[in-house]
Amino acid sequence: MPAATQPSSDLRAQILAFERLGYDADALCAAAGLTRSDLDDPERRFPYEVSGAVLRAAREQRRLSHLGLRLAAQVSFGAYDMVDYLVFSSDRVRDGLERLARYFATVTQAVSLHLADEADDGLRLEVRDVLGHAGAFRFVSEYTVGIVVRRLREGTGGRCRARYAAFPHRSDDAEELGALIDCPIRFEQSWTGLALTRTAAGLPFERRDPVLRRVLESYARELDGRLEPLRLTTAAVQRAIAAELARGDARIGTVARRLGTSARTLQRQLHADGRSYQELLDEARREAALRHLRASSLAISEIAYLLGYSEPSAFHRAFRRWTGRTPSELRADPAVTRPRRDL
């Protein structure tokens with residue numbers, strides 16, 4: 001199965017943004033084995049490694065912190081032709097975001113988008129890592145969030161403003177970067193994406209057009225249907241399971257959605273590697289259980305609940321199968337739970 005790919009429109013938008021920031025765009029293309037004309041075919045897709053080569057060449061030319069956000073501020077409307085117009089032809093912000101998440105693989109398979117309601121009467125668009133490359137995800141997530149925040153404002157005549165953007169990494173430039181995309185930014189968060197109020201999510205797009213939307217959505221479905229399933233590494237699946245387990249829902253359908261694929265495709269790929277989803281889930285639960293027992297004061301019943309067991313007895317049986325001991329026995333062992341010093 002193929003590696004992650006991106007369309008020529010994505011690379012072209014990035015190259016033009018680099019040029020607006022003062023980079024030598026022709027040199028960036030050359031470093032990735034491209035010419036400008038290679039990016040003119042709207043049907044062509046490139047391995048994601050091509051974008052990585054462009055990014056490495058840009059860093060050799062000139063290093064800028066938070067390059068993804070700085071590039072996003074340079075990307076004009078229409079750079080992502082089909083997706084830009086599909087979102088803007090939607091009736092309301094939430095409708096547009098739902099379509100963006102549904103067809104985002106046509107833009108890049110490196111990350112996936114997920115829309116969810118928040119407990120405080122808001123809406124969250126979360127960007128999730130698919131490839132498991134931390135450095136690449138940091139760049140792509142900043143670039144994606146920055147563009148979406150600006151597009152929502154542009155598409156509603158300035159009315160739709162995100163509550164804030166969220167990133168897990170650190171920064172001392174939150175105020176400067178927030179001004180760059182006109183949105184408050186919170187760093188060192190537990191998730192990546194942007195938060196909206198429900199009022200903002202209900203705002204109408206100025207260019208809403210049901211006829212254009214139907215045409216573009218039909219084309220988006222066709223493009224999406226042509227994409228071959230992404231070949232996921234076992235390590236990427238393990239990271240996704242661990243992330244969803246920490247969120248309280250590690251069902252295969254949830255993990256598959258995080259990885260931008262279907263449960264059936266995920267099972268088929270794991271089977272080809274000689275693994276099963278249940279095996280990987282058991283491994284993730286075992287590691288999480290040991291971590292909680294060693295380093296937290298949570299009750300064993302609470303740990304069982306966090307790991308997705310409906311009854312503590314089921315957790316006890318699984319833990320004995322993994323370790324030969326009960327959770328209580330392991331926690332009572334001072335050699336396991338006491339702090340150790342490196343000598």
Tally of residues being within 18 Å of ALA195 (Cβ to Cβ) and in contact with a strand residue (DSSP E or B) (Cβ under 6 Å, 6 or more places away or on another chain) across segment 118-145
11
Scan segment 134-181 for residues that are free of Cβ contacts under 8 Å to residues at least 12 places away in the same chain and within 30 Å of LEU232 (Cα to Cα) and jot them down.
ALA134, GLY135
Can you say whether VAL75 is buried (at least 18 other Cβ atoms within 10 Å of the Cβ) and touching a strand residue (DSSP E or B) at 6+ places or on another chain (Cβ under 8 Å), as far as the supplied structure shows?
no
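Each row is one residue, and each column tells you yes or no for (1) within 28 Å of LEU227 (Cβ to Cβ); (2) touching a Gly at 6+ places or on another chain (Cβ under 9 Å); (3) outside the structural domain of GLY132 (by TED's automatic domain parsing).
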{"site": "ALA240", "(1), (2), (3)": "yes, yes, yes"}
{"site": "TYR277", "(1), (2), (3)": "yes, no, yes"}
{"site": "GLU283", "(1), (2), (3)": "no, no, yes"}
{"site": "LEU298", "(1), (2), (3)": "no, no, yes"}
Please work out which one of (1) basic (Lys, Arg); (2) closer than 23 Å to ALA289 by Cβ; (3) more than 21 Å from the chain's Cα centre (by Cα) is the condition ARG258 fails and give its number.
(3)
Residues of segment 303-315 being over 20 Å from ILE241 (Cβ atoms) and without any contact (Cβ under 8 Å) to a residue 12 or more places away in the chain, in sequence order, are GLU311, SER313
Go through segment 137-159 residue by residue and tally those that are among the acidic types (Asp, Glu) and under 21 Å from the mean Cα position of the chain (by Cα).
1
Among the residues of segment 281-306, write down those that are under 29 Å from the mean Cα position of the chain (by Cα) and charged (D, E, K, R).
ASP282, GLU283, ARG285, ARG286, GLU287, ARG291, GLU302
Taking segment 78-94 on its own, how many of its residues are surrounded by 21 or more Cβ atoms within 10 Å (Cβ to Cβ) and over 25 Å from ARG138 (Cβ atoms)?
5
Qualifying positions in segment 95-123 - surrounded by 19 or more Cβ atoms within 10 Å (Cβ to Cβ) and over 23 Å from ARG45 (Cβ atoms)
GLY96, LEU97, LEU123
Sort through ALA136, ALA119, ALA101 and tell me the only one that's in the same structural domain as HIS169 (by TED's automatic domain parsing), outside any loop (DSSP other than H, G, I, E, B) and at pLDDT below 90.
ALA136
Quick check, is GLU142 in a helix (DSSP H, G or I), of a type outside the set (Phe, Trp, Tyr) and surrounded by 17 or more Cβ atoms within 10 Å (Cβ to Cβ)?
yes
Give the residue that is farthest from LEU71 (Cα to Cα), with candidates limited to residues of segment 181-203 that are surrounded by 17 or more Cβ atoms within 10 Å (Cβ to Cβ) and more than 21 Å from the chain's Cα centre (by Cα).
LEU203
Of all residues in segment 55-101, which are free of Cβ contacts under 8 Å to residues at least 12 places away in the same chain and under 21 Å from THR5 (Cα atoms)?
GLY78
Considering each residue of segment 257-275, count those that are among the aliphatic types (A, V, I, L, M) and surrounded by fewer than 21 Cβ atoms within 10 Å (Cβ to Cβ), and give that number.
3
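The values are calculated or read from the model by the stated rules, or taken from the named source; none is laboratory data. Predicted, not measured: the structure shown is a model, and the values here were computed from it. Glycine gets a Cβ as well: all are built from the backbone with ideal geometry, and neighbour counts include every protein chain shown.
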